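Visitor: Can you keep this structure in mind? I'll have questions shortly.
What follows is calculated from the coordinates using simple rules that are stated; it is not laboratory data. Note that the structure is predicted; figures quoted are calculated from it, not measured. Here the Cβ is made from the backbone with ideal geometry for all residues, glycine too, and neighbour counts use every protein chain on show.
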Number of protein chains: 2
Amino acid sequence: MNQPDILQALISENLVSDPAGARGRLLHEAARLFRDKGYERTTVRDLAAAVGIQSGSLFHHFRSKEEILKAVMVETIRLNTALMQAAVEEAETPERKLRALVRAELESINGQTGEAMAVLVFEWRSLSEASQKEVLELRDIYESLWLDVLGTLREHSNLQADPFVVRRMLTGALSWTVTWYRPERGGLSLDGLTDQVMAMLGFAVPA
Amino acid sequence: MNQPDILQALISENLVSDPAGARGRLLHEAARLFRDKGYERTTVRDLAAAVGIQSGSLFHHFRSKEEILKAVMVETIRLNTALMQAAVEEAETPERKLRALVRAELESINGQTGEAMAVLVFEWRSLSEASQKEVLELRDIYESLWLDVLGTLREHSNLQADPFVVRRMLTGALSWTVTWYRPERGGLSLDGLTDQVMAMLGFAVPA
DNA sequence: GACAATACCAAGCAAGCGCTTGGTTTGTAA
DNA sequence: TTACAAACCAAGCGCTTGCTTGGTATTGTC
């Protein structure tokens, strides 16, 4: 299943909002604003203005400002978990599975869902503890994908370091690309960047 | 020169505030609060209460709340640049220099200056653009330390990936440890963690 | 012991915040 | 046409925010 199909499937299951609908458009604008200005500095008036309604009207769709932040995070994780799962299944060797994961995460961070992924990383503390717990459970599925692949590589001695540590290091390293990676100017493509990450981990770049 | 001596030297040059003084104590508490609650969620009343004065009295020491954030960042960079410089000079081979840098950065993030380093990473956007520019200039010195060492390793073919990319990946990976690394419970020491990072990069762990 | 300079307090202002309220428009289906 | 819910507006409430102001202790210096 390709990327648009996966998105479509999630929309029809009501797990992700349709980007064309009112709710989806708001979440997209919210992600952009939260990334650019931070959650706290973004006012409900900013959010409302971004989709062309009055600030009070927001509360017809969401009970609170925090619920908007949570929705951004939850829907992003749902989408990216599905995309990652597909990417892993398509690859055949453990090394190619790892490459697929790295590539997919780089894409989620620097591509279409980039704004929302940045929010997930940098606005985490703005979530209430109750919401944090909910979101963390969703992340577990996502993370187990990584740990399975890294664990297999470790067994085959293709990895010198501990899988848990490597995953956490990669989380930081890949997330951080959002602060500096600009594919448009400078030449390094997403595939090129993926190669660099694999090379850093000691895996040869395929010809 | 050891760590306390370096700190003392910076204090006497007025580049870093004495932690025992009023200003230094405030900056320390500010770093802690900013890390725990975020800059925006921390009020000047919180800051004042943490050092036992009235909120208005803060503005005798700092012109604005943002100036406090900036001071936290500037002083942290000054201190850690000095510590890194010393660490690199002491090591003799390029590989050992890299290890010294990794170890020093992990220590700065997870040790005494950890609160302030976390602020530097996560509250960056809360700085005004003018302040960001100032702080960025200070970071350049710091970063050139890394690029020199990584560049040398690259020339000696001990590094497969591009030094600029590796440094940026390491920035993310090492910063991110602040979100998960808890030395007290779990066993992995700072040296052990440093070994893991080096292993991940394909460098053998010294016996 | 006089006298600045420094450090602080008590009170509060103006602006901006998230959110509520009561009422109006719009879409949908019988 | 009627009925009704969903979507939205206009206005503003109550509270918190960063910061100011005018005055009072505290400290260091000769």
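Visitor: Ordered shortest first, which distances in nm separate the 7 Å Cα→C-beta label point of B:Thr179 from those of the other copies?
Guide: 1.2
Visitor: Would you calculate the convex hull of the Cα atoms in segment B:3-200 and tell me its volume per residue in Å³?
Guide: Residue-normalised Cα hull volume stands at 128 Å³.
Visitor: Continuing with this model, one more query. Among A:Ala130, A:Ala104, A:Ala87, which one shows the highest mean-square fluctuation when chain A is modelled as a Gaussian network with alpha-carbon springs under 10 Å?
Guide: Judging by the Gaussian network model, the answer is A:Ala130.
Visitor: What are the nm distances, shortest first, from B:Gly151 to its equivalents in the other copies, labels at 7 Å along Cα→Cβ?
Guide: 4.4
Visitor: So which trypsin sites (Lys or Arg not before Pro) in segment A:1-84 are both in a DSSP loop and have at most 10 other Cβ atoms within 10 Å of their Cβ?
Guide: Answer in residue order: A:Arg63.
Visitor: Between the alpha-carbon centers of segment B:66-97 and segment A:173-191, tell me the distance in whole angstrom.
Guide: 26 Å
Visitor: Follow-up. Determine the sum of side-chain charges near B:Ser12: Lys and Arg each +1, Asp and Glu each -1, restricted to other residues whose C-beta is under 11 angstrom from that of B:Ser12.
Guide: Counting the neighbours of B:Ser12, the net charge comes to -3.
Visitor: Now, a different point. Net charge near A:Ala204, counting Lys/Arg +1 and Asp/Glu -1 over other residues with Cβ under 13 Å of its Cβ?
Guide: It works out to a net charge of 0.
Visitor: Multiply the residue gap between A:Asp140 and A:Met1 by 0.36 nm, knock off their C-alpha separation, and tell me the result in nm, one decimal place.
Guide: In short, 47.7 nm is gained.
Visitor: Using a Gaussian network model of chain A with C-alpha springs under 10 Å, which one of A:Ile77, A:Ile53, A:Ile109 is most mobile by mean-square fluctuation?
Guide: Checking each option, the largest mean-square fluctuation is seen for A:Ile53.
Visitor: Shifting gears a bit: Which value, in nm² and rounded to one decimal, describes the direction-averaged projected area of the C-alpha convex hull of segment A:78-168?
Guide: With the hull built on Cα positions only, its mean projection is 6.1 nm².
Visitor: What lysines does A:Lys133 reach when the alpha-carbon gap must be under 24 Å and sequence neighbours fewer than 8 apart in one chain are set aside?
Guide: A:Lys65, A:Lys70, B:Lys37
Visitor: Looking at segment A:111-206, which trypsin sites (Lys or Arg not before Pro) are in a loop (DSSP not H, G, I, E or B) and have at most 11 other Cβ atoms within 10 Å?
Guide: Those satisfying the criteria are A:Arg185.
Visitor: Related question: One decimal, nm, shortest first: give the distances between the label point of A:Glu89 and those of the same position in the other copies, each label point 7 Å from Cα along Cα→Cβ.
Guide: Spacings between copies for this position, smallest first, are 5.9 nm.
Visitor: So, one more: How high is the FRET efficiency between A:His60 and A:Leu147 when r is their beta carbon distance and R₀ equals 35 Å, given to the nearest 0.05?
Guide: Efficiency computed from Cβ-Cβ geometry: 0.25.
Visitor: Using a Gaussian network model of chain A whose springs link C-alpha atoms within less than 10 Å, name the residue from A:Ser17, A:Ser128, A:Ser108 with the highest mean-square fluctuation.
Guide: A:Ser128
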